[in-house]
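Peer 1: This is the structure, below, for whatever I ask next.
The values are calculated or read from the model by the stated rules, or taken from the named source; none is laboratory data. For clarity, every value in this text was computed on a predicted model and none was experimentally measured. Cβ atoms come from the backbone with ideal geometry, glycine included; neighbour counts cover every protein chain shown. Note: accessible area is taken over every heavy atom of the protein model, side chains too, but ligands, DNA and RNA are not part of it. Shrake-Rupley method; radii C 1.70, N 1.55, O 1.52, S 1.80 Å.
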Amino acid sequence: MSKQTPSQPKQHAVFDLVKREEQRQKEMIGLIPSENHSSEAVRSVLSSCLSSKYAEGYPRRRYYEGNQIIDEIEQLAQERLKKLFDVPHVNVQPYSGSPANSAVEFAVLEPGDTLLGLSLSSGGHLTHGHPQVTFSGRFFKSVQYGLDEQARIDYEALRQLALQHRPKLIIAGTTAYPFTLDFAKFAAIADEVGAYLLADISHITGLVVGGEHPSPVPHAHIIMSTTHKTFRGPRGAMLMVTKRGLAKDPDLADKIDKAVFPGLQGGPHNETTAAIAIAAEEASLPAFKQYAQQIRKNALSLAAALQAQNLKLVGDGTDNHLLLLDLTPFGEGFGTQVAFALDVAGIYANRNTIPNEPCSPFYPSGLRIGTPLVTTRGMKEAEMVRIAEWIARVVKHIKHEQLPADRQARQQFLKDFKLRSAQDEVLLAIRQEVKEMASQFPLFAW
Ligand code: DSN
């Protein structure tokens, strides 16, 4: 670096790291259901001059001068999303999903008010009221609903909780839930107790837009979505207020906007706003509908192929883009070893709790996998069968690697296991097969 000047940016050491990360993504198979690759258009606007501009405020109501063009960009993003979702109000400024959920809570709740969200171990998100570690659980009274025996949301138990606790906000949203959300049932419960209904559709937005999951628009008052998951845009988020939301509370759009700025954030990231506008246009194309269809076809095919390998799925399958492998037949906490070993074998996924987790969130017994990334690369059903075979081979190969019962010994065991796995010939041979297949697919294929 010493002799380099800023006019040679590609020689910065960071660019070597970026290149290596690109290579890693190309050679490996990504199954993390919340990740995606985005188009060249989305990526190129993210590194544009738009990031040099402050634009606190909203279009035509800024606190800085020189925002004529930024206004046009933000309005374009808003208008495209209003049309795509058929909603009267959109805010594209939240930095990402957690700040966006916090903005909704800040907008419609007073400290100490009650909110009702899905618990983390049932597939909910931390910001849906996790009782200890988040803003949503510490500043509000959080009540958490859960699942029934079939690992589906227990709507009757949810209704009873709502009647008992009279929440001001109910959150219909998930981060690790493989099944369809019944927004009409959520709305009926919210109406019965006079609560606002927030639909957090971050994981399934692309499916909603592509007609592969029922839309929350006729039912929810507020909709939050990140923009980088199945929607395939930049890292960011959007908040939408529906007609139903404005009918319940004519000030709702204004409350949401004020909660985002100045309530919780400063200047919007204009480059992200522009990339959201591009993603919204891409999502309106027929090719995006095909993409959404293929995500689900791939998930169904992966589920069937994993089950054919005698691997167990939470709730026996999937309706959407993700699956949860229940690895308890191989031992409690086994998700950890599987995630580490798969990473050596060229497949990255994330360890995850399963409903009624017998171990702990740090050493969970499940693996969360999804098809948005591989579908973006152009992989289809035949590739899903191969991926399931690799996963099964890895699981069976390491099945004797059990977490020690003694909690103190676990950390050392996993450290040793990681070192052993990195040189394991079976895992490295699978990595080579994975690489050969993955290298045949670009990161982003229309
Ligand atoms: N981190 C996201 C996910 O993986 O689902 C949710 O915020």
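Peer 1: Please list, ordered by chain and number, the residues whose modelled amide H lies under 5 Å from the amide H of Asn352; skip anything fewer than 5 residues away on the same chain.
Peer 2: Here the answer is Gly366, Leu367, Arg368, since their amide H atoms fall under 5 Å of that of Asn352.
Peer 1: Give me the accessible area per residue for region 25-90, probe 1.4 Å, as a whole number in Å². All intermediate terms of the calculation are to be shown ahead of the outcome.
Peer 2: On the way: 3640 Å² over 66 residues.
Dividing the accessible area of region 25-90 by its residue count gives 55 Å².
Peer 1: Same structure, new question: Full-extension gain between Ala308 and Lys399, please, as 0.36 nm times their residue separation minus the C-alpha to C-alpha distance. Don't jump to the answer; show the numbers that get you there.
Peer 2: On the way: separation 91, 0.36 × 91 = 32.76 nm, distance 1.79 nm.
Contour length minus Cα-Cα distance gives 31.0 nm.
Peer 1: Report the rotationally averaged projected area of region 344-446 based on its alpha-carbon convex hull, in square nanometres.
Peer 2: On the way: hull surface 30.3 nm².
Directional mean of the projected Cα hull area for region 344-446 stands at 7.6 nm².
Peer 1: Any idea of the accessible area per residue across region 156-202, 1.4 Å probe, to the nearest Å²?
Peer 2: On the way: 1500 Å² over 47 residues.
Roughly 32 Å² per residue, with all protein chains present.
Peer 1: Based on the Cβ-Cβ distance from Ser47 to Asp254, what FRET efficiency comes out when R0 is 30 Å, to the nearest 0.05? Could you put the intermediate results ahead of the total?
Peer 2: Values: r = 34 Å, r/R0 = 1.12.
For R0 = 30 Å, the calculated efficiency reads 0.35.
Peer 1: Consider a paramagnetic label point 7 Å from the Cα of Gln164 along Cα→Cβ; state which residues of region 97-135 have an amide N under 14 Å from it.
Peer 2: Under 14 Å, as judged by backbone N against the label point of Gln164, lie 116-117 of region 97-135.
Peer 1: Would you mind working out the accessible area per residue for region 249-322, using a 1.4 Å probe, and quoting it in Å²? All intermediate terms of the calculation are to be shown ahead of the outcome.
Peer 2: Working: 2790 Å² over 74 residues.
Counting only protein heavy atoms, the per-residue value for region 249-322 is 38 Å².
Peer 1: 5 Å is the cut-off here: which amide hydrogens, built 1.01 Å from N in the peptide plane, fall below it relative to Ala172, excluding neighbours closer than 5 in sequence?
Peer 2: Leu198, Ala199, Asp200
Peer 1: Counting only the heavy atoms of the protein chains, how much of Lys185 is accessible to a 1.4 Å probe, in Å² to the nearest 10?
Peer 2: 100 Å²
Peer 1: Using Cα springs under 10 Å in a Gaussian network model of the chain, which residue among His89, His12, His128 shows the largest mean-square fluctuation?
Peer 2: Judging by the Gaussian network model, the answer is His12.
Peer 1: Then there's this: Kirkwood hydrodynamic radius, region 1-138, all distinct C-alpha pairs: what's the number in Å? Before the final figure, lay out each step's value.
Peer 2: Working: mean 1/r = 0.0515 Å⁻¹.
Kirkwood radius, region 1-138: 19.4 Å.
Peer 1: What order, most packed first, do the peptides 326-338, 214-226 have when packing is the mean number of other Cβ atoms within 10 Å of each residue? Could you put the intermediate results ahead of the total?
Peer 2: Working: 326-338: 21.9, 214-226: 24.5.
Sorting 326-338, 214-226 by mean packing, highest first, produces 214-226, 326-338.
Peer 1: Determine the relative contact order of the chain: mean sequence separation of Cα pairs under 8 Å and six or more apart, normalised by residue count, in whole percent. All intermediate terms of the calculation are to be shown ahead of the outcome.
Peer 2: Working: 899 pairs, mean separation 90.1, N = 446.
About 20 percent, as a whole number.
Peer 1: Under a GNM of the chain (C-alpha, springs under 10 Å), which listed residue has the highest mean-square fluctuation: Ser102, Ser44, Ser142?
Peer 2: Ser44
Peer 1: List, in order, the whole-Hz ³J(HN,Hα) value for each residue of region 169-174 obtained from phi through the Karplus relation with A = 6.51, B = -1.76, C = 1.60 and θ = phi - 60°; use x for Gly and Pro.
Peer 2: With coefficients 6.51, -1.76 and 1.60, one gets 9, 10, 10, 9, x, 8 Hz.
Peer 1: Just by accessible area at a 1.4 angstrom probe, what is the order of Val394, Val385 from largest to smallest?
Peer 2: Details: Val394 0, Val385 65 Å².
Largest accessible area first, the residues go Val385, Val394.
Peer 1: Setting aside same-chain residues fewer than 8 positions from Lys82, which lysines have a Cα under 17 Å from its Cα?
Peer 2: Output for Lys82: Lys243.
Peer 1: For the chain, what class follows from the C-alpha gyration tensor (a ≥ b ≥ c being the square roots of its eigenvalues): rounded when a/c is under 1.5, otherwise prolate if a/b is larger than b/c, else oblate?
Peer 2: Working: a/c = 1.72, a/b = 1.20, b/c = 1.43.
Verdict is oblate for the chain.
Peer 1: Given H placed 1.01 Å from N in the peptide plane, which residues other than close sequence neighbours of His89 have an amide H under 5 Å from its amide H?
Peer 2: It is Val241, by chain and number.
Peer 1: Next question. Tell me which aspartates and glutamates have Cα within less than 16 Å of Lys435's Cα, excluding those fewer than 8 residues away on the same chain?
Peer 2: Glu21, Glu22, Glu27, Asp343, Glu383, Glu389, Glu425
Peer 1: Same structure again: Under the √(5λ) rule applied to the eigenvalues of the Cα gyration tensor, what semi-axes describe the equivalent ellipsoid of region 279-325? Give them in Å, descending.
Peer 2: Ellipsoid half-lengths, sorted descending, are 28, 10, 6 Å.
Peer 1: So what are the ³J(HN,Hα) numbers for region 90-99, from phi and the Karplus equation (6.51, -1.76, 1.60; θ = phi - 60°), rounded to whole Hz, Gly and Pro as x?
Peer 2: Using θ = phi - 60°, the values come out as 9, 10, 9, 8, x, 5, 5, x, 5, x Hz.
Peer 1: Now for a separate question. Using Cα positions and a limit of under 19 Å, work out the lysines in reach of Lys415, with same-chain residues fewer than 8 apart set aside.
Peer 2: By straight Cα distance, Lys415 reaches Lys399.
Peer 1: Alpha carbon centre of region 397-446 versus region 65-84: separation in Å?
Peer 2: 45 Å
Peer 1: Cα-Cα over 27 Å: which of Lys168/Lys258; Lys53/Lys141; Lys26/Lys380; Lys141/Lys312; Lys19/Lys83?
Peer 2: On the way: Lys168/Lys258 19 Å; Lys53/Lys141 39 Å; Lys26/Lys380 17 Å; Lys141/Lys312 36 Å; Lys19/Lys83 37 Å.
In this structure, Lys53/Lys141; Lys141/Lys312; Lys19/Lys83 exceed 27 Å between Cα atoms.
Peer 1: What is the distance in Å between the Cα centroid of region 212-283 and that of region 345-373?
Peer 2: A separation of 28 Å, based on Cα centres.
Peer 1: How large is ³J(HN,Hα) for each residue in region 367-373, as worked out from phi by the Karplus curve 6.51 cos²θ - 1.76 cosθ + 1.60 (θ = phi - 60°), to whole Hz, x for Gly and Pro?
Peer 2: 10, 9, 10, x, 10, x, 5
Peer 1: Report the full-extension gain for the segment Glu389 to Lys297: residue separation times 0.36 nm, less the Cα-Cα distance, to one decimal in nm. Intermediate results must be reported in sequence, preceding the final value.
Peer 2: On the way: separation 92, 0.36 × 92 = 33.12 nm, distance 1.75 nm.
That works out to 31.4 nm of additional length.
Peer 1: Quick check: at a probe of 1.4 Å, how many percent of the accessible area of the chain sits on carbon and sulfur atoms?
Peer 2: Working: 10030 of 19360 Å².
In the chain, the share of accessible area belonging to carbon and sulfur is 52 percent.
Peer 1: Next question, about the same structure. Phe413 versus Glu35, label points 7 Å from Cα toward the beta carbon: distance in nm?
Peer 2: 2.7 nm
Peer 1: Using the beta-carbon distance between Arg20 and Glu110 and R0 = 56 Å, what value does 1/(1 + (r/R0)^6) give for FRET efficiency, to the nearest 0.05?
Peer 2: On the way: r = 49 Å, r/R0 = 0.87.
Efficiency, from the Cβ-Cβ distance: 0.70.
Peer 1: Taking only Cα atoms and a 10 Å spring cutoff, compute GNM fluctuations for the chain and point out the largest among Ser136, Ser48, Ser34.
Peer 2: Ser48
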